[in-house]
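Just so it is clear, none of the values below were taken in a lab; they were calculated from the coordinates. Values in this document were obtained by computation on a predicted structure and should not be read as measured data. FYI the Cβ positions are ideal-geometry reconstructions off the backbone, even for glycines, and counts take in every protein chain you see.
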C-alpha cells in the first residue's frame, strides 16, 4: 500500500467549457489527508461539490456533480488525470460551472499536475479491492467489474459508421506512465449528426476542431488521430474519470461493451451497494451516504 498524495503547489489552467462555451479557470491547490477531491465554485462564494458518486446527477453525454445549489459539469477528463496519477486530496477551484475542455483530452491536466509535482502525505491510501463480479447492462450495453491484481480496463465500441466501426483495447494502469502514454492523449470525438442535435439543445457551444474530433460522412475532421484506435481509448478515459468518483483507488478488472457515462454511474452505484463484492484496504470507507441512485444492477436508459 502506498500513502496518499496531494499536489506540491498550485496548478492553474484556463479555457472554455465544452457545453456552455464560457471562459473558465481551474485552480488546483493542496488539501489535507483524508479530505479527498473537492470542487470549489469560487463564483458561488466558495460552494463545495465533493467529487464523489453520491453527488453525481444525470447529464447527457457527460458527467455532472451536484451538491446543494452548486454543480460542476464535465469533470471526467480532470478526474481521470487526478485518479490515474494518484492525487488523492486536492481543492479544485472553478470560476464557472464547467471544467475547461482544453484540447479534449486529459493530457494538459496530467502535464500540469506533474509539472507542479506531487507530495506524499502521512496517511495510507484507501483502496477498493474487488472480490466478486458486479455487472450492469442495458439495451445491448454492458459493464462489468471483476477481481484483479491492479486496475485493468477493457473497452469495445461498435458504431454503424464506416469511419468508426469496431475498436477494442485493454490497458492496465499500473503506473502514471501507463496513463500518460496510453490514455491521457485520447480526445473527445463526436458524430456530426450528434453535434447538430446537441447544438439544437443549446449544448456544445464551446466545441471546436481544436478540442474534439468530428466524424462525418466524408471522414475525420480536425487534427490527425493520436492513436489509430483513439475513439475507444477516449471511451476508456471517460470510464477512468467516472471511476474516480469512488473516492479511492480501485483494484479490479473492468470490461465495457458500448458503455457510456450513465452506465458508468450505474456500475459504481451497484458496486457500492454490493458490499459483499469488495473490501476496503488502507482504512475506513472514504465517504458516508448512499449512492446517487441506490438501485440493484439492471436495465436503465443509458446514453
### Task
Return the distance in nm (one decimal) between the two label points of a simple spin-label model at residue 44 and residue 12, each offset 7 Å from Cα along Cα→Cβ.
2.3
### Task
Taking only Cα atoms and a 10 Å spring cutoff, compute GNM fluctuations for the chain and point out the largest among 160, 230, 76.
160
#### Entry: Pairwise FRET efficiency - residue 32 versus residue 178, Cβ, R0 = 22 Å, nearest 0.05
0.20
### Potential lengthening between residue 1 and residue 111 on full extension [0.36 nm per residue; Cα-Cα distance subtracted]
37.1 nm
### Message
Between (i) 54, 41, 36; (ii) 61, 51, 33; (iii) 60, 43, 34, which entry matches Cα extents along the principal axes in Å as derived from the coordinates of this structure?
### Response
(i)
### Task
Using only Cα atoms, locate the centre of the range 202-236 and the centre of the range 59-93, then give the distance between them in Å, rounded to an integer.
21
### Extension gain from residue 191 to residue 170, taking 0.36 nm per residue of separation minus the Cα-Cα distance
5.2 nm
### Message
Could you order the peptides 50-59, 176-185, 79-88 from most to least packed, using the average number of other C-beta atoms within 10 Å per residue?
### Response
79-88, 50-59, 176-185
### Task
Go ahead and collect, in residue order, the members of the range 174-188 whose backbone nitrogen is under 20 Å from a label point 7 Å along the Cα-Cβ direction of residue 103.
176-188
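Using the beta-carbon distance between residue 135 and residue 209 and R0 = 41 Å, what value does 1/(1 + (r/R0)^6) give for FRET efficiency, to the nearest 0.05? It would help to have the intermediate numbers written out before the result.
Numbers: r = 38 Å, r/R0 = 0.92.
Calculated transfer efficiency: 0.65.
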